[in-house]
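A short write-up of the structure that comes next.
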Amino acid sequence: MILTSLFALSLSGVSSSDVMMGNGLSNSLLAAGLFILVGCCIDFGKYLFWSERQRSHYYGVMALVLTGFSLLASCAFFLSAEFAAINNSRLVSVEYRALQERMSAVRQEINHHERLLEKRLNSEYHRQWVEGERNAESIRELKNSLIGLTELSSSAGKDAAMNEVPITRFFGILGRLFGVSTETIRNLGYGLLALLLEVITLGAISLANSMQHDVLLADKEADDAIKPEVSIDDSEQRRKIVNLSNDIIRGQVQPVIRRIKAAQYELDIDEIRQVLINLYMAGLIEKDARNSYKLCDID
């Protein structure tokens, strides 16, 4: 996602130095934000589609399409970052600076001849006009020379810069070792690196989903293991309640909470009260003094 966003940022014309230094953002900030948002949405969609690919093959296809775009964006960012490093190194090379000094000297000489030409053309002497023609010829030659130097400046210092940038020098060594061009090695290297990043990302998503599935399965098994115990506990509790009810009906224990507690039926007071209420509602016991119960008289 970071690589896709950085590549999208470079498409908007804003470099990382602009962001750090705060220069040039007035015209490009909105475009940069939109490009970054697009890149983030693409990668986020890729993650969602891949995590839900088992629900539909359509999701898997969409995830692979977005993965391909993300892979190309990563390769493009690697290439643009290397070329930017080469260009920055070229601009500080000795060859490029020497060429710039020559171009500056030619410009100064052109300005000198233009000033002389203007003065001689304004002169009233014929000799000065002749000299002015020589100045005009010199200006034409100097401008042609400046054009040639300008064309050379686009590649001046490039060879030295390529030897200065570590990754470019590494690709050059591999190219000579395998007998192929540096461009081929560069494209293969960045392609494999971008592919590795995408495979790792998709693998991490699959692993996270698998771990989540394992956790849910373990929780389900734990719940299934607990349910029989709960069932056993409920069955045991119901047995105690039934025994108490039968003992009260047979007269083996008085329907008095204090005496039932002393008989140790292993029931709490709320359960004992509920048993007494149920027996009372069934007409098997009746109210007695002091809010207690007694067995009903049978005529």
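Observations
- Value of relative contact order over the range 227-295, rounded to a whole percent, pairs C-alpha under 8 Å and six or more apart: 31
- Excluding same-chain neighbours fewer than eight residues apart, the lysines reachable from K261 by a Cα-Cα span under 28 Å are K240, K287, K294.
- Restricting the range 39-72 to trypsin sites (Lys or Arg not before Pro) that sit in a DSSP loop and have at most 14 other Cβ atoms within 10 Å of their own Cβ leaves R55.
- Sparse-neighbour loop sites [GluC sites (Glu not before Pro); the range 244-299; at most 16 other C-beta within 10 Å; DSSP]: E266
- Restricting the GluC sites (Glu not before Pro) of the range 111-216 to loop positions (DSSP other than H, G, I, E, B) with no more than 16 neighbouring Cβ atoms within 10 Å leaves E124.
Quick note: the coordinates plus some simple rules give every number you see, no bench work behind them. Computed from a predicted model, the values in this text were never measured in an experiment. All Cβ positions, glycine included, derive from the backbone under ideal geometry; neighbour counts span all protein chains shown.
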